[in-house]
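Before any comments, here is the structure.
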Amino acid sequence: MADRLVVLHQGTLPPNAEHIERLADTVYATEEELPLLLPGADILLCWHSLTTAVTAAWPKDPALAPDWVHVAAAGVDPLLFPALVDDPDVLLTNSRGVYDRAIAEYVLGLILALAKDFPGSWEHQRRREWRPRDSERIGGRTALVWGTGPIGCAVARMLRAVGMRVCGAGRTARADDPDFGTVHEGASLRAALAEADYVVLAAPLTPATRCMVDASVLAAMKPGARLVNVGRGGLVDEEALARHLADGRLAGAALDVFAQEPLPATSPLWDMPGVIVSPHTAGEVTGWRADLADLFLENLTRRTEGRPLRNMVDKGKGYVRDGTEEFSPECARVVRGGQPVDRHA
């Protein structure tokens, strides 16, 4: 008997929905429909990944809850509510591996835009003003990448490739990391913040990382440094960031994620000089939805065959456990109609 699958969506369905439907008894639910359709389901696919509707719709009877939840995103923080986290029979997987290269390219683009003041050039162009001025080099500048998972590693490799000096910040200090060289934590992190020209946030949002970049961390950053956030908005105290930008202690920021999304029109970050605001799109490149769908389809195939799932999240920590199998879109081979197909061929 096929599993009953509920796909939570926001109007757009997975590109390979017909292949998913061959492997599971599939129904589609909006946020409003989820409380009616989720009880009794075996699997929940959160195709609408940033929703908070799952918490309210989760069945009060554990016997009616799905035993596998998959998120079409790298971050799983909207799903870390007690009923799901504390139930040992519920597996949680994410889309780790899909966004790594895309986000790394985006970070490089943001750093270049800040260093070369592309927003200023575009504003001068809009006004038809001819304003020659100097810009900054990025070669030889130091980037501290806070978050040493796959996205952070991809960012580190990208920035090293253009001649930047890179170090990391993570849970465990080490001196011989292949991507970061030195990884800082605790006391050494403060010293690293004081040396970094760019601080790039690529960490997951967990109870341990929420508001980790607070006023004290911002004050510890090098005067004239810039902050780039492609992790989660909740990592940063945005009011403190606005104050440090307004008083000129920090030279700028590039922010793709925010504590409240969409970013409210009343936020001062919209209009601050040296600040780039983008609408949580760092990982959204051509084909990204197909890669997300392929990852879920691969895991659904593994489930039907009794094999371990990829990207198993440690629900207590909020991220994929070290050593778990991960997905790479460059090597995606999925089963469609009973035959292996390489969608990138």
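The values are calculated or read from the model by the stated rules, or taken from the named source; none is laboratory data. Source: prediction; values computed, not measured. Cβ atoms come from the backbone with ideal geometry, glycine included; neighbour counts cover every protein chain shown. Each accessible area value is taken on the protein alone, full model and side chains, heavy atoms only, with ligands, DNA and RNA left out. Shrake-Rupley method; radii C 1.70, N 1.55, O 1.52, S 1.80 Å.
Looking only at segment 307-320, count every residue that is free of Cβ contacts under 8 Å to residues at least 12 places away in the same chain and open to solvent by 70 Å² or more (accessible area, probe 1.4 Å) and tell me the total.
So the count comes out to 1.
Could you figure out which of (1) within 18 Å of SER267 (Cα to Cα); (2) in contact with a Lys or Arg (Cβ under 8 Å, 6 or more places away or on another chain) isn't true of LEU193?
Against the list (1) within 18 Å of SER267 (Cα to Cα); (2) in contact with a Lys or Arg (Cβ under 8 Å, 6 or more places away or on another chain), LEU193 comes up short only on (1).
Residues being polar (S, T, N, Q) and open to solvent by less than 50 Å² (accessible area, probe 1.4 Å): count how many of those fall in segment 2-23.
The total comes to 1.
When only residues in segment 209-248 that are over 21 Å from THR142 (Cα atoms) and without any contact (Cβ under 8 Å) to a residue 24 or more places away in the chain count, which is surrounded by the fewest Cβ atoms within 10 Å (Cβ to Cβ)?
ASP247
Which of the strands (runs of 3 or more DSSP E) found entirely inside segment 126-199 contain at least 3 residues meeting this: in contact with a Leu (Cβ under 6 Å, 6 or more places away or on another chain) and surrounded by 12 or more Cβ atoms within 10 Å (Cβ to Cβ)?
Correct list: 165-169.
Determine, yes or no, whether ASP100 is at pLDDT 95 or above, under 14 Å from the mean Cα position of the chain (by Cα), farther than 26 Å from GLU21 by Cβ and not polar (S, T, N, Q).
yes
Results for (1) at pLDDT below 95; (2) in contact with a helix residue (DSSP H, G or I) (Cβ under 6 Å, 6 or more places away or on another chain); (3) more than 27 Å from GLY287 (Cα to Cα), shown as yes or no for each residue.
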position: GLY11; (1), (2), (3): yes, no, no
position: ASN16; (1), (2), (3): yes, yes, no
position: THR55; (1), (2), (3): no, no, yes
position: PRO62; (1), (2), (3): no, no, yes
position: ALA65; (1), (2), (3): no, no, yes
position: ALA83; (1), (2), (3): no, no, yes
position: ALA104; (1), (2), (3): no, yes, no
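If only one of ALA293, ALA282 is of a type in the set (Gly, Ala, Ser), touching a residue at least 12 places away in the same chain (Cβ under 8 Å) and part of a loop (DSSP other than H, G, I, E, B), which one is it?
ALA282 is the lone residue from the list that is of a type in the set (Gly, Ala, Ser), touching a residue at least 12 places away in the same chain (Cβ under 8 Å) and part of a loop (DSSP other than H, G, I, E, B).
Mind checking which residues of segment 74-101 are open to solvent by 50 Å² or more (accessible area, probe 1.4 Å) and not in a loop (DSSP other than H, G, I, E, B)?
Result: PRO82, ALA83, LEU91, ARG101.
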